[in-house]
Amino acid sequence: MKNLYVSALILISIAFSSCGKGDGRGELVGVTNKTVKQELPYGMVYIPAGTFVMGQVDQDITISQFPQNKQVTISAFYMDETEISNSEYKQFVNWVRDSIAFYQVGKPAKYLLKTKGKASTYINWKAVNSKKGLWGDKTLKDKLEKSMYYDGNEKFFNKKELKVEQLKYDYAWVDYKKAAAYRGARDPNLNKNGISVSREEFIVKEETFIYPDTLVWISDFTYAQNDPMAKGYFSHPSFANYPVVGVNWEQANAFNIWRSRLNESYKDSKKMTNKRLDYELPTEAQFEYAARGGRVQTSYPWGGPYIRNAKGCLLANFKPGRGNYIDDGGAFTVYVKSYFPNDYGLYNMAGNVAEWTSSIYSDAATAYVSTINPSFNKAVKKGDPDYNKKRVVKGGSWKDIGYFLQNSAKSYEYPDSARSSVGFRCVTPFVGRDIKDKPGRMKP
């Protein structure tokens, strides 16, 4: 009877080991995964890997006291074909607004997703955003008006206006550079000081006010009448497809984290395996490489050494002459798909709005950054010196002279600064080609 029992166990184990495609017959075959299909993210273009000379080139203005140039290699990535528009950023604002409103009115069960007939802890965004959803729910009208709109002395002309000061986004990110610096500290035996560091030390939790500073149209100018822009640039539908401005570096990063989680949540809900890596601000090197469009030693994204074409038309939105803003077709910012794209299909990599990058501004960085995917970046902390806070902005804007439109030109802003001339776009890594064969060793 004992022998019969052992034989049965052997037969069962053989049956399980031979089921499916995992029968390796005792050989090293690797873990079998689902085929991952690399897809082009919506609204982005593919930037192929390559090498270029980063920094000032022979055709640039001489004696500009720019740092030395350097040949670097950039891995493939995806980049937004345009600057992030008011409409796209408003999706982020509305998501934060609706999330806060949902909790302010007591988390109604009818706006929660249901799993097997029971309400879960996840918000049903389709129900929230429907015509008779959260903001059209008459039973919640009084609660919403009391909690989400200006009231009392802050109310103006009896208008229902959203209290934007409460729109804050809580998020977290991992400081990989700090984790790398302390990679041996989690084992007390490897740490010189004998102190073990937990993973919690590398998780940074932040809260950021996310509504754009619409008053930049007033504060950025002296003796100028830009009140209409302050009142309507972000809110009026006519400006929906214009680049968002008044967003500081911290808000741009918060947007990227939200966009990453939005994509991940959708893929999880559909049980999709082709998840994308996180969205981020481009590094200074990525932005310059993408702006050049694959061309070698050119001054501008369109390739030529001039800012006008053969017909005399200006090729970007900037400040021609000494203040003839309208000569290029726009007094302020223009539609995000204005002018011709560069050879990679990217619009307004020069002009319209200057754009945030993830890189710290330093003239000396060229000497010590890597020659592959160079980046000079670190977490900003309270009390850090100013030179560690300045972030590179690239591309030049509608209020800059032509010099700043050059591929190699750069300026800087502090991460808590918002400007009427600074916006941003996002990048995400290209993680590889489609997998046609099983993972593992190559067959002979």
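Take the residue pairs 131/159; 163/275; 163/390; 126/160 and return only those whose Cα atoms are more than 27 Å apart.
In this structure, 163/275; 163/390 exceed 27 Å between Cα atoms.
Give me the distance in nm between label points sitting 7 Å out from Cα along the Cα-to-Cβ direction at residue 231 and residue 200, one decimal.
For the pair residue 231/residue 200, the computed spacing is 5.1 nm.
Report the label-to-label distance for residue 87 and residue 326 in nanometres (one decimal), using points 7 Å from each Cα along the Cα→Cβ vector.
2.7
Give, in nm to one decimal, the length gained when the segment between residue 275 and residue 109 is fully stretched (0.36 nm per residue of separation minus the Cα-Cα distance). Can you show the working numbers first?
On the way: separation 166, 0.36 × 166 = 59.76 nm, distance 2.95 nm.
Length difference between fully extended and current span is 56.8 nm.
For residue 158 and residue 68, calculate 0.36 nm times their separation in residues minus their Cα-Cα distance, and state this gained length in nm to one decimal.
Full extension from residue 158 to residue 68 adds 26.5 nm.
Wrap a convex hull around the Cα atoms of the range 385-433, take a quarter of its surface area, and give that in square nanometres.
Approximately 5.3 nm², given one-decimal rounding.
Pull out a ≥ b ≥ c, the square roots of the eigenvalues of the alpha-carbon gyration tensor of the range 235-329, then state rounded if a/c is under 1.5, prolate if not and a/b is larger than b/c, and oblate in the remaining case.
Numbers: a/c = 2.69, a/b = 1.75, b/c = 1.54.
The shape class here is prolate.
Which of rounded, prolate or oblate describes the range 146-289 when judged by the alpha-carbon gyration tensor and an a/c cut-off of 1.5?
Taking the square roots of the gyration eigenvalues as a ≥ b ≥ c, the range 146-289 is prolate.
Taking the simple approach of a point 7 Å from Cα along Cα-to-Cβ for both residue 170 and residue 386, what is their distance in nm?
3.5
Residue 141 label point, 7 Å along Cα→Cβ, cut-off 11 Å on backbone N: hits in the range 95-109?
Under cut-off, by backbone N: nothing.
Give or take rounding to whole Å, what are the principal axis extents of the alpha carbon atoms in the range 86-165, in descending order?
Between the extreme Cα coordinates on each principal axis of the range 86-165 lie 48, 30, 21 Å.
Which order do the peptides 125-136, 296-307 take when ranked by the mean count of other beta-carbon atoms within 10 Å per residue, highest first?
Details: 125-136: 14.4, 296-307: 17.9.
Ranking, from highest mean packing down: 296-307, 125-136.
Arranged from highest to lowest average of other beta-carbon atoms within 10 Å per residue, in what order do the peptides 406-419, 154-167, 386-399 appear?
So the peptides 406-419, 154-167, 386-399, ranked by packing, come out 386-399, 406-419, 154-167.
For residue 390, list long-range residues whose amide hydrogen, built 1.01 Å from N in the peptide plane, is under 5 Å from its own amide hydrogen.
HN-HN under 5 Å from residue 390: 361.
A short reminder: the numbers here are calculations on the coordinates, not readings from a lab. As the structure is a prediction and not an experimental result, all values here were calculated from the model. Methodologically, a virtual Cβ is constructed for each residue, glycine included, from the backbone with ideal geometry; neighbour enumeration extends over all protein chains shown.
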